[in-house]
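Please read the structure below before turning to the comments.
The values are calculated or read from the model by the stated rules, or taken from the named source; none is laboratory data. Owing to the predicted nature of the structure, the values given are computational and were not obtained by experimental measurement. As a convention, Cβ positions derive from the backbone with ideal geometry for all residues, glycine included, and neighbour counts pool all protein chains shown. With ligands, DNA and RNA removed, areas are computed over all heavy atoms of the protein, side chains included. Shrake-Rupley method; radii C 1.70, N 1.55, O 1.52, S 1.80 Å.
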Amino acid sequence: MKSARTTRIILTAVLLTGLTGLYGFWIFTEPPAYWETFLFVTVLFLLLAIALIRFVPYCIIYFASGKEPHLERIGERTYRRCGMRELAKIVLLILLLRLIQLLFTYLIHLILVGYTDTFLRVQRIWLDFFHVEFCFPAYPLLSNLFWFVTFNFNHARFVSAYFCTALAGAMLYYWVLLDFDRPVARHALLYFFLMPASCLLLGTLPDGLFLLFSMLSLLFMRMRKFIFANLFAMLAVTTHIVGVLLFVPCIIELCEMLVSDARLHLEEKHGYLLRQIISASSFLLIPLGFALVLMYSRVRFGGSTTLFRAIMDHYGYEPTLPFSSAANLMNRFLEALHTESGDALWMELGNTIPNILYALFGGILLVLASGRIRTSYIAYMLATYVAVLSTGTLLEIPRVLSLCVPFVLTWTLMIKPRWLHRILYIACFASFLLYLTAVVGGYTIYGT
């Protein structure tokens, strides 16, 4: 116990020293031009610091005891097996809800600009997201399989995103059931599809396919089938660069399993060592996925890094300190308030306000996650949050944080009373419609 406490103090001190050093380096090298920027970055710094202080003790206990004592399965119904019929119903429900979004798209377009096109022509907004020169290979290649149904590559990408999102939702539901009961799983599923940025899953973006691969990876990881977990993590890497971060929860779960097995002397069983060597070797699949992206870029665009450079130039990405990205976002927002007017101001506000709110809300969920979800999931959240903050721009933070499903699970577990769930459903639906209005009206970077 004393050794665990010493380890906790030392690890916490080291992490906080590094975080404080980054914060101090940002202040001295890039002094904030506005006091609001200083306040915003300081709040994010404090949220990250508190999250680390809360996370480290749970992490130490996790590896010391071999289990998560603060997590208990909720409800007896959890033990009832989730069958294919139940998952099929969820898939059909999600497909129906996605179709209803098409109706909302048309109504919003009608309110904003009046009658200009038919119902189907208005939906072309969801077909205009795809740009092959900025897309990793898995989505354009796998979505082409739907050409045999649609006979149109653009429509094939839409159908691919449509069905992959529904399958990913079913996997999310099943994943939550591994630790919690059905009410929690239903709440998590509803909150996920009522998040503002979830409306983007209907567009020709790789997000639906990435979500499916990442959910399958987390699902098999939780079931401790690491070969399949890393295989789907590799496919996630070939869909979106943040798939690399799936390495974090997978390696933590593997280490915890090895520690737990050693405590129970399971390593003495016949063939145990060979199975674990194979499981550990499967982690090489994740860098293999990255190598496949480099190979695709070389074959398709003539250079191994051409695709990455095109993405960085298009979205303005550049490796920076986390606090520099946050400062750049707030500076952009404040400069728009001071210099822009009319439509230009509204356009800039649409590009920055959702991202500022997502950055703050993501930090709050990081603080609240400890003690509610598994340690490996919290590490995945931290890795995703820091990675997004280090891109030089936070314009895609709603998309990326939405694809990291432990954020949604944490949000779900924060709320207990049913009446509060109902109120929050209404609030989430209102914010969903507001974000959808911004997309249809072209007031975000995701608009046409």
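Results, tabulated for the structure shown:
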quantity: Single condition THR29 does not satisfy, out of (1) under 27 Å from the mean Cα position of the chain (by Cα); (2) at pLDDT 85 or above; (3) among the β-branched types (Val, Ile, Thr); calculated: (1)
quantity: Single match in LEU389, LEU366 (criterion: within 26 Å of ILE311 (Cα to Cα) and in contact with a helix residue (DSSP H, G or I) (Cβ under 7 Å, 6 or more places away or on another chain)); calculated: LEU389
quantity: Some residue of the range 116-126 being of a type in the set (Lys, Arg) and open to solvent by 40 Å² or more (accessible area, probe 1.4 Å); calculated: yes
quantity: Residues located in the range 309-332, provided they are open to solvent by less than 40 Å² (accessible area, probe 1.4 Å) and part of a helix (DSSP H, G or I); calculated: ALA310, ILE311, PRO322, PHE323, SER324, SER325, ALA326, ALA327, LEU329, MET330, ASN331
quantity: Residue list for the range 216-260, restricted to those being outside any helix (DSSP H, G or I) and modelled with pLDDT of 95 or more; calculated: THR238, THR239
quantity: Search result, residues across the range 194-208 that are farther than 16 Å from LEU127 by Cα and either outside any helix (DSSP H, G or I) or open to solvent by 10 Å² or more (accessible area, probe 1.4 Å) (or both); calculated: LEU194, MET195, PRO196
quantity: Hits in the range 334-344 (condition: open to solvent by 40 Å² or more (accessible area, probe 1.4 Å) and either closer than 19 Å to ILE397 by Cα or not hydroxyl-bearing (Ser, Thr, Tyr) (or both)); calculated: GLU335, LEU337, HIS338, GLU340, GLY342, ASP343, ALA344
quantity: Residues of the range 68-98 that turn out to be open to solvent by 100 Å² or more (accessible area, probe 1.4 Å), farther than 17 Å from TYR162 by Cβ and modelled with pLDDT of 80 or more, as a count; calculated: 3
quantity: Only listed residue being open to solvent by 60 Å² or more (accessible area, probe 1.4 Å) and farther than 20 Å from TYR377 by Cα, chosen from PHE301, PHE247; calculated: PHE301
quantity: Residue that is hydrophobic (A, V, I, L, M, F, W, C), under 21 Å from the mean Cα position of the chain (by Cα) and over 18 Å from ILE100 (Cα atoms), where the choices are ALA156, ALA168, ALA161; calculated: ALA168
quantity: Hits in the range 38-62 (condition: open to solvent by less than 20 Å² (accessible area, probe 1.4 Å), out of contact with any Leu (no Cβ under 7 Å at 6 or more places or on another chain) and within 18 Å of GLY363 (Cα to Cα)); calculated: PHE40, VAL41, LEU44
quantity: Looking only at the range 217-231, and only at residues there that are among the hydrophobic types (A, V, I, L, M, F, W, C), within 19 Å of the chain's Cα centre (by Cα) and surrounded by fewer than 22 Cβ atoms within 10 Å (Cβ to Cβ), the one that is nearest to ILE278 (Cα to Cα); calculated: LEU231
